[in-house]
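Enquirer: Structure in structure tokens, see below.
The values are calculated or read from the model by the stated rules, or taken from the named source; none is laboratory data. Computed from a predicted structure; not experimentally measured. Every residue, glycine as well, gets a Cβ built from its backbone with ideal geometry; the counts of neighbours run over all protein chains shown.
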Amino acid sequence: MNKVTNAGTAGRQKLGHKRPADFDRFWFGAAYYPEHWNEATRCRDPERMAAAGFNMVRMAEFAWALMEPVEGTFDFTLFDDTIARLGEKGIKTLLCTPTAAPPRWLTRQHPDTLRVNADGVALAHGSRQQCCHASPVFRKHSRRITQAMADHFRGNRHVVGWQTDNEFHCHFSECHCPSCQRGFQEFLRGKFKGDIGALNQAWGTIFWSLTYASFEEIATPRPGKPTFTNPAHELDYHRYLSDAVTRFQHDQVEILRTANPQWWLTHNGLFSHIDYRGAFSEDLNVLGYDSYPMFCYDPVERPARHAFCLDRARAWTGNFIIPEMQSGPGGQASFFQDHPEPGELRKMTYAAVARGADALLYFRWRSCRFGAEEYWCGILDHDDRPRRRFDEVQRVGMEMKRIGPAILGTHVAVEVGIAAADAAVNAAHQTLSFGLPGADDVTASVHQAFYERGYAVGLVHPADDLAGVKLYVVPHWEMFDPAWVPALERYVREGGVLVVGARTASRNLDNNVVPETVPGCLRELAGVTVEEYGRQNLPGLRPLVIKVGGQGVTTQHWYEGLRLDKGTLPLAKWASRHVKGQAAVSFRRVGKGAVVYVGSYLTPELTKLLLPVLVKQARLKPQWPSCPEGVEVVQRQAGARRVWFFINHRDTVAVLSKLPRGQNLLTGKRAPVRGKLAARDVLVLEEK
Ligand code: GAL
């Protein structure tokens, strides 16, 4: 009998990077499309899936036209049969609402449900995600199909959970249709409590005579038409987009929770203009992250990039489900990724589990022979023959039965935290990027520097739990909420080392420049003021150099000349041109900790230069100091429980001269004290 522990949102742990998923087992399987195959193939599948260790498949996210071929006429036979056959083999179903692929009859009858791009052109039927989440007509149809599915499947004991829609905002997040004009106005009316004067003030609409007399006058912003738009207007539009999709999802959530409170709910992200830390995820039991590491074409860089993406996913709400994990090369119109080499799928899977996946489904069971993704390869090839990818998945499936119980309930240990997971901060950067790298780009390179040296690096939002984090880096968050400062100050006073990158806290939550001297709300804590700043467009021509000890680095992108408060020390000075002699990096002891302010962009070179000082100040040690380069080490923990992952990303054998004492979870035997890890092999052990 299936016991699902998630039952609605009541009593669940607060969203945060340490939150584990509330699952009673490790769900393992694949996305499955029975509608692509004939009956004979469908009948063969469950047995093979069970042989691969599956206990779950995900289905139906693109099957609306099949389930409701004509408005109001429903036919769920194919899924009834498939779910039953899978159930006989012990495989449960994660169903999806099919709203990412609206049927033709819907958009024919209601062309007003189509999204409209910034040029005023309506999107078309012919691919997917063409309908607007704010359209009342589309919302009505979304509720209808969700209700019909919920009513039909509510008593089916093999259906244990639901995924809402599929990858909201994956292809397109903006919309300028008439429903969005009204929706945006309503959103603003709510935000400014009906006071148009407050909006004019917050947006600074006196500039360029943009002043509005009523909310009805406001339209969605269209940058470049004719020219630059107001960044405050744009930021609120991005907030509106998140709000609209959250409401759209909430319609479905309400129906599903009412139909069966035992179902657990998820959604597969992660895409722009959705605030996954907010109401969107509070509506779910667990957030999903679709993981496609092969999008990074460089095999040497790939593990670091993958680790970064997983850590970024975890930063939003905690441990996650991977509803789609790459299971082969993917190809679409203009690209075809490399084929993962033998062992690569397995080690990518372990990297995902190590860094917070509490459930994992591959995309997809079998490559489809037609449609826009006919070359997006699944576990099985087009000809339905199991080959090495199947063998590898099967091996993982068997292993997960042993590892799953040990990792559920644990969270990933983080000692170096980098600020991430704020939708508004990301959007604020986009609106006024000046061509500078985004927070994510810098975060990725800072993350990589610590990852490659074996530190327990992760991404953590400034309002999240920083206990255990010894070093915390806020890269370049132009927009910064003063409400986050008291907790950061406490963090520092209690011994944390806080690093603040250039431009941080220079804009307020309306996306306007702060009235105080920069770094605004962090000025006092950092003990610096930025006296001069500038963009470095061609840094090679007029090089600005930062020196620490005898070593120098030519900065990129941006420079700031700092004035230090009494008690703040220069950790590094500018060593060239007109800023020569001015402080470039500051250091201020606060309580038991310290604050470092960096007056330039944290490029890989500058990060490398500063890293030894930061490591020393924060008393950091690599996660498992004797580990050779190229072996990723991650620890998941809960109370005194410690599960270690050693993942050899090299193409050669790695010698582990010392290992934590405990049980090898892959073999069930006592782990050796030292040993060899074959190329692309993994070791998972529970410390005892
Ligand atoms: C995901 C999507 C899937 C499939 C896959 C491969 O983004 O959810 O439906 O398109 O990528 O491209």
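Enquirer: Looking at His125, His133, which one is surrounded by 22 or more Cβ atoms within 10 Å (Cβ to Cβ), in contact (Cβ under 8 Å) with a residue 12 or more places away in the chain and outside any helix (DSSP H, G or I)?
Expert: Result: His133 is the single residue among His125, His133 that is surrounded by 22 or more Cβ atoms within 10 Å (Cβ to Cβ), in contact (Cβ under 8 Å) with a residue 12 or more places away in the chain and outside any helix (DSSP H, G or I).
Enquirer: Let me ask something else. Here are some conditions: (1) of a type outside the set (Val, Ile, Thr); (2) more than 16 Å from the ligand (Cβ to nearest atom); (3) over 18 Å from the mean Cα position of the chain (by Cα). Ala428 meets all but one. Which one does it not meet?
Expert: Ala428 satisfies every listed condition except (3).
Enquirer: Shifting gears a bit: Test each condition in (1) touching a helix residue (DSSP H, G or I) at 6+ places or on another chain (Cβ under 7 Å); (2) within 28 Å of Phe76 (Cα to Cα) for Asn166 and report the one that comes out false.
Expert: In the conditions (1) touching a helix residue (DSSP H, G or I) at 6+ places or on another chain (Cβ under 7 Å); (2) within 28 Å of Phe76 (Cα to Cα), Asn166 misses (1) alone.
Enquirer: Do we have any residue at all in segment 56-78 that's in contact with a Lys or Arg (Cβ under 8 Å, 6 or more places away or on another chain), in a loop (DSSP other than H, G, I, E, B), surrounded by 23 or more Cβ atoms within 10 Å (Cβ to Cβ) and in the same structural domain as Met400 (by TED's automatic domain parsing)?
Expert: There is no residue in segment 56-78 that is in contact with a Lys or Arg (Cβ under 8 Å, 6 or more places away or on another chain), in a loop (DSSP other than H, G, I, E, B), surrounded by 23 or more Cβ atoms within 10 Å (Cβ to Cβ) and in the same structural domain as Met400 (by TED's automatic domain parsing).
Enquirer: Ok, one more. Which number in (1) crowded, with 17+ Cβ neighbours inside 10 Å; (2) without any contact (Cβ under 8 Å) to a residue 40 or more places away in the chain; (3) polar (S, T, N, Q) marks the one condition that Thr568 misses?
Expert: So the condition that Thr568 fails would be (2).
Enquirer: If you go through segment 376-405 one residue at a time, how many are part of a helix (DSSP H, G or I) and of a type in the set (A, V, I, L, M, F, W, C)?
Expert: Looking only at that region, the number is 6.
Enquirer: With respect to Trp264, is the statement that it is assigned by TED's automatic domain parsing to the domain that holds Tyr289 and either at pLDDT 95 or above or farther than 30 Å from His152 by Cβ (or both) true? Full working, then the answer.
Expert: Working: assigned by TED's automatic domain parsing to the domain that holds Tyr289: yes; either at pLDDT 95 or above or farther than 30 Å from His152 by Cβ (or both): yes.
Yes; evaluated as a whole, the condition is true for this residue.
Enquirer: Being touching a residue at least 40 places away in the same chain (Cβ under 8 Å) and over 30 Å from the mean Cα position of the chain (by Cα): is that true of Asp195 here?
Expert: no
Enquirer: For Ser291, are the conditions met, namely being within 16 Å of the ligand (Cβ to nearest atom) and either buried (at least 23 other Cβ atoms within 10 Å of the Cβ) or in the same structural domain as Gln326 (by TED's automatic domain parsing) (or both)? Quick ask: steps written out before the conclusion?
Expert: On the way: within 16 Å of the ligand (Cβ to nearest atom): yes; either buried (at least 23 other Cβ atoms within 10 Å of the Cβ) or in the same structural domain as Gln326 (by TED's automatic domain parsing) (or both): yes.
Judged against the criteria, Ser291 is a match.
Enquirer: Can you spot a residue in segment 137-151 that is out of contact with any Asp or Glu (no Cβ under 7 Å at 6 or more places or on another chain), within 16 Å of the ligand (Cβ to nearest atom) and among the hydrophobic types (A, V, I, L, M, F, W, C)?
Expert: Looking for residues that are out of contact with any Asp or Glu (no Cβ under 7 Å at 6 or more places or on another chain), within 16 Å of the ligand (Cβ to nearest atom) and among the hydrophobic types (A, V, I, L, M, F, W, C), one finds none in segment 137-151, hence no.
Enquirer: Just a yes or no: is a residue in segment 252-270 within 16 Å of the ligand (Cβ to nearest atom) and out of contact with any Gly (no Cβ under 8 Å at 6 or more places or on another chain)?
Expert: yes
Enquirer: Something else: Which condition does Lys14 not pass, out of (1) surrounded by fewer than 19 Cβ atoms within 10 Å (Cβ to Cβ); (2) at pLDDT 95 or above, if it passes all the others?
Expert: It is condition (2) that Lys14 fails.
Enquirer: A follow-up question, please. Within segment 163-202, count every residue that is in a helix (DSSP H, G or I) and touching a Ser or Thr at 6+ places or on another chain (Cβ under 8 Å).
Expert: Count: 7.
Enquirer: Can you list the strands (runs of 3 or more DSSP E) found entirely within segment 551-623 that contain at least 3 residues being closer than 27 Å to Val485 by Cβ?
Expert: Passing ranges, in order: 557-564, 568-574, 583-590, 593-598.
Enquirer: Has segment 97-114 got at least one residue that is of a type in the set (S, T, N, Q), away from the ligand (no atom under 16 Å from the Cβ) and either in contact with a Cys (Cβ under 9 Å, 6 or more places away or on another chain) or outside the structural domain of Thr164 (by TED's automatic domain parsing) (or both)?
Expert: Within segment 97-114 (the criterion being of a type in the set (S, T, N, Q), away from the ligand (no atom under 16 Å from the Cβ) and either in contact with a Cys (Cβ under 9 Å, 6 or more places away or on another chain) or outside the structural domain of Thr164 (by TED's automatic domain parsing) (or both)), the answer is yes, since at least one residue qualifies.
Enquirer: Follow-up. Look through Asn166, Asn117 and report the one residue that is within 16 Å of the ligand (Cβ to nearest atom), touching a Cys at 6+ places or on another chain (Cβ under 9 Å) and at pLDDT 95 or above.
Expert: Asn166
Enquirer: If you don't mind, another one. Just checking, does segment 381-398 include any residue being over 30 Å from Tyr491 (Cα atoms), of a type in the set (A, V, I, L, M) and in contact with a Pro (Cβ under 7 Å, 6 or more places away or on another chain)?
Expert: There is no residue in segment 381-398 that is over 30 Å from Tyr491 (Cα atoms), of a type in the set (A, V, I, L, M) and in contact with a Pro (Cβ under 7 Å, 6 or more places away or on another chain).
Enquirer: Of Phe271, Phe320, Phe363, which residue is in contact with a His (Cβ under 6 Å, 6 or more places away or on another chain), in contact (Cβ under 8 Å) with a residue 60 or more places away in the chain and not acidic (Asp, Glu)? Break it down into steps so the answer makes sense when it comes.
Expert: Values: Phe320 fails: in contact with a His (Cβ under 6 Å, 6 or more places away or on another chain); Phe363 fails: in contact with a His (Cβ under 6 Å, 6 or more places away or on another chain).
Every option except Phe271 fails the conditions.
Enquirer: Checking Arg189 against (1) within 29 Å of the chain's Cα centre (by Cα); (2) more than 16 Å from the ligand (Cβ to nearest atom); (3) under 25 Å from Thr113 (Cα atoms): exactly one of these is not met. Which one?
Expert: Looking at each condition in turn, Arg189 falls short on (1).
Enquirer: Filter segment 271-288 down to the residues that are away from the ligand (no atom under 16 Å from the Cβ) and among the aliphatic types (A, V, I, L, M) and list them by number.
Expert: Once the filter is applied, which keeps residues that are away from the ligand (no atom under 16 Å from the Cβ) and among the aliphatic types (A, V, I, L, M), segment 271-288 yields Ala279, Leu284, Val286.
Enquirer: Separate question: When you look at Gly87, is it free of Cβ contacts under 8 Å to residues at least 40 places away in the same chain and either under 25 Å from the mean Cα position of the chain (by Cα) or part of a helix (DSSP H, G or I) (or both), yes or no? If you could, list the steps in order and put the result at the bottom.
Expert: Details: free of Cβ contacts under 8 Å to residues at least 40 places away in the same chain: no; either under 25 Å from the mean Cα position of the chain (by Cα) or part of a helix (DSSP H, G or I) (or both): yes.
Answer is no for this residue.
Yes/no per residue for (1) more than 16 Å from the ligand (Cβ to nearest atom); (2) hydrophobic (A, V, I, L, M, F, W, C):
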residue: His17; (1), (2): yes, no
residue: Tyr33; (1), (2): no, no
residue: Ala63; (1), (2): no, yes
residue: Gly87; (1), (2): yes, no
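Enquirer: Filter segment 358-392 down to residues that are within 14 Å of the ligand (Cβ to nearest atom) and among the aliphatic types (A, V, I, L, M) and give me whichever is nearest to His36 (Cα to Cα).
Expert: This residue is Ala372.
Enquirer: Here is a follow-up. Is at least one residue of segment 133-153 farther than 26 Å from Gly288 by Cα and among the hydroxyl-bearing types (Ser, Thr, Tyr)? Break it down stepwise before answering.
Expert: Narrowing segment 133-153 to residues farther than 26 Å from Gly288 by Cα: 136-137.
Filter once more, keeping what is among the hydroxyl-bearing types (Ser, Thr, Tyr): none.
No, segment 133-153 contains no residue that is farther than 26 Å from Gly288 by Cα and among the hydroxyl-bearing types (Ser, Thr, Tyr).
Enquirer: Let me ask another. Mind listing whichever residues of segment 177-206 are under 30 Å from Gln130 (Cα atoms), out of contact with any strand residue (DSSP E or B) (no Cβ under 7 Å at 6 or more places or on another chain) and surrounded by 13 or more Cβ atoms within 10 Å (Cβ to Cβ)?
Expert: If the condition is that a residue be under 30 Å from Gln130 (Cα atoms), out of contact with any strand residue (DSSP E or B) (no Cβ under 7 Å at 6 or more places or on another chain) and surrounded by 13 or more Cβ atoms within 10 Å (Cβ to Cβ), then Ser179, Cys180, Gln181, Arg182, Gly183, Phe184, Gln185, Glu186, Phe187, Leu188, Arg189, Lys191 are the ones that fit.
Enquirer: Right, here's the next one. Report yes if some residue within segment 338-355 is outside the structural domain of Val460 (by TED's automatic domain parsing), farther than 30 Å from Leu235 by Cβ, within 13 Å of the ligand (Cβ to nearest atom) and surrounded by fewer than 24 Cβ atoms within 10 Å (Cβ to Cβ); otherwise report no.
Expert: no
Enquirer: Here is a follow-up. Checking Pro223 against (1) away from the ligand (no atom under 16 Å from the Cβ); (2) assigned to a loop (DSSP other than H, G, I, E, B); (3) touching a Phe, Trp or Tyr at 6+ places or on another chain (Cβ under 9 Å): exactly one of these is not met. Which one?
Expert: (3)
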